[in-house]
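I have placed the structure first, in the form of structure tokens, so that the comments after it can refer back to it.
The values are calculated or read from the model by the stated rules, or taken from the named source; none is laboratory data. In this text, all values refer to a predicted model and were calculated from it rather than measured experimentally. We place every Cβ from the backbone using ideal geometry, glycine too, and count neighbours over all the protein chains shown.
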Amino acid sequence: MTRVYNFSAGPAVLPQEVLRIAADEMLDWHGSGMSVMEMSHRGKEFISIYEAAERDLRELLAVPANYRILFLQGGGIGENAIVPMNMLGRKAQPAVVDFVHTGSWSGKSIKEAKKYCTVNVAASSESQKFTAIPARDTWKLSKDAAYVHICTNETIDGVEFQFAPDVGDVPLVADMSSHILSRVIDVSKYGVIFGGAQKNIGPAGLTLVIVREDLIGHALTICPSAFDWKLVAENHSMYNTPPTYAIYIAGLVFQWLKKQGGVAAMERRNVAKAALLYDYLDSTDFYINKVAKDCRSRMNVPFFLTDESLNEVFLAGAKERNLLQLKGHKSVGGMRASIYNAMPIEGVQALVDYLKEFERKHG
Ligand SMILES: *Cc1c(COP(=O)(O)O)cnc(C)c1O
């Protein structure tokens, strides 16, 4: 068996240890005689898996007691509609929502929100081709916004918030799909945090929502029941059948993270991994990273070959060395290395070694 270094943006690499445990437990979970996939979500076995996952996530992110953790479906894109449908009922309609436009994903959120509310783009880095995060003091927030939406890590553009912006009493909603659990955050600065699991947590199909209790219970009447945070919270994420197997794998990832020393330890590793890659990219003219240094994502590193006619040769050589999924998103071009929690530093080193080797040969 050969395990490759998988630099995919998502679904993405998972810790090998987690996959081994899942394989060992596939046919018979803890003497139950069943796979987790076959269990009733209301049985005591699955309830214990669910409760451990919730508890571990709460511990890892130090989620305060007045926040609920919801395990949903629908992905980050689903949340682009689910968030407004749950948040707008606090205001008279049509309500205003402030957005900070920092790349593709916040752009998608803006487009979807326009179905439900009046969108105010409070700040945008579009004129800089999304290579920076607009400084907080340039944001033009509305007087009476229902909430402020940001995407704290733009997976495609490779920009990441290095700060939690202060927006006063207005709830701050953050799409953290591609960097949740990669760095220490202060949950209390946010009203809502959401993220699809398939980047930094586990399999596709699970969406996490962490929401402050007072923001629950204000859904618009058009909100589907399965996505009404109040019903979901009251039913401990079991109003409808939750994505049980994805919750199980996410739970194993949470246990793995705790064994690694928790989020602060992961953050130190992620800083080291990102520095290894960016420092090399910056040391040569053969490769280019266009993102402002203080906004660079530690998780998703887009870069370009100065001579783009070499792109196909570069990717073919990478594949020969088991360095996979390095092609950039089609909207940006070039290359992208996603180096999530589960990517070991050895994988980043192997990539840097290949970058050097390729440059020696073609530079
Ligand atoms: C991947 C991603 C999404 C979309 O997730 P889906 O599960 O495809 O809906 C949304 N936001 C960000 C930041 C992402 O990286």
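Can you tell me which residue in region 255-274 is surrounded by the fewest Cβ atoms within 10 Å (Cβ to Cβ), limited to those that are part of a helix (DSSP H, G or I) and in contact with a Lys or Arg (Cβ under 9 Å, 6 or more places away or on another chain)?
Here is the first cut: in region 255-274, the ones part of a helix (DSSP H, G or I) are 255-259, 262-274.
Applying the additional criterion that residues be in contact with a Lys or Arg (Cβ under 9 Å, 6 or more places away or on another chain) yields 263-264, 266-267, 270-271, 273-274.
Values: VAL263: 22, ALA264: 10, MET266: 21, GLU267: 18, ASN270: 23, VAL271: 13, LYS273: 25, ALA274: 21.
Across region 255-274, the extreme among qualifying residues is ALA264.
Kindly indicate whether any position in region 70-85 is assigned to a loop (DSSP other than H, G, I, E, B) and more than 15 Å from the ligand (Cβ to nearest atom). Give the derivation first.
We begin by selecting, within region 70-85, every residue assigned to a loop (DSSP other than H, G, I, E, B); these are 73-74.
So of that shortlist, the ones also more than 15 Å from the ligand (Cβ to nearest atom) come out as none.
No, region 70-85 contains no residue that is assigned to a loop (DSSP other than H, G, I, E, B) and more than 15 Å from the ligand (Cβ to nearest atom).
Take the residues in region 152-191 that are of a type in the set (Gly, Ala, Ser), within 13 Å of the chain's Cα centre (by Cα) and under 19 Å from ASN80 (Cα atoms); name whichever of them is farthest from the ligand (Cβ to nearest atom). Please lay out each step first, then the result.
Filtering region 152-191 down to residues of a type in the set (Gly, Ala, Ser) leaves 158, 164, 168, 174, 177-178, 182, 188, 191.
Still in the list and also within 13 Å of the chain's Cα centre (by Cα): 158, 174, 177-178, 182.
With the extra rule that they be under 19 Å from ASN80 (Cα atoms), the set shrinks to 174, 177-178.
Values: ALA174: 10, SER177: 4, SER178: 4 Å.
The extreme case among them is ALA174.
Given (1) outside any helix (DSSP H, G or I); (2) free of Cβ contacts under 8 Å to residues at least 24 places away in the same chain; (3) of a type outside the set (Val, Ile, Thr), identify the lone condition not met by ARG298.
(2) is the only condition that ARG298 fails.
Out of all the residues in region 198-206, is one or more modelled with pLDDT of 95 or more and basic (Lys, Arg)? Spell out how you get there, then give the answer.
Filtering region 198-206 for residues modelled with pLDDT of 95 or more gives 198-206.
Still in the running and basic (Lys, Arg): 199.
So far as region 198-206 goes, yes, one or more of its residues are modelled with pLDDT of 95 or more and basic (Lys, Arg).
Report, ordered by the first and then the second residue, all pairs with beta carbons closer than 6 Å, sequence separation of six or more or different chains, a first member in region 164-181 that is in the same structural domain as SER297 (by TED's automatic domain parsing), and a second member that is more than 16 Å from the ligand (Cβ to nearest atom).
Going by the 6 Å Cβ cut-off, there are no qualifying pairs.
Pairs needed: first member in region 229-240, surrounded by 16 or more Cβ atoms within 10 Å (Cβ to Cβ); second member anywhere, in a helix (DSSP H, G or I) and of a type in the set (D, E, K, R); C-beta distance under 9 Å; at least 6 residues apart or different chains.
The qualifying pairs are ALA233/GLU213; HIS236/GLU51; HIS236/GLU54; SER237/GLU54.
Which ones in region 192-225 are in contact (Cβ under 8 Å) with a residue 60 or more places away in the chain, aliphatic (A, V, I, L, M) and within 16 Å of the ligand (Cβ to nearest atom)?
Once the filter is applied, which keeps residues that are in contact (Cβ under 8 Å) with a residue 60 or more places away in the chain, aliphatic (A, V, I, L, M) and within 16 Å of the ligand (Cβ to nearest atom), region 192-225 yields VAL192, ALA204, LEU206, LEU208, VAL209, ILE210.
Kindly indicate whether THR102 is within 23 Å of ASP294 (Cα to Cα) and in contact (Cβ under 8 Å) with a residue 40 or more places away in the chain. Spell out how you get there, then give the answer.
Details: within 23 Å of ASP294 (Cα to Cα): yes; in contact (Cβ under 8 Å) with a residue 40 or more places away in the chain: yes.
When the stated conditions are applied, THR102 passes them.
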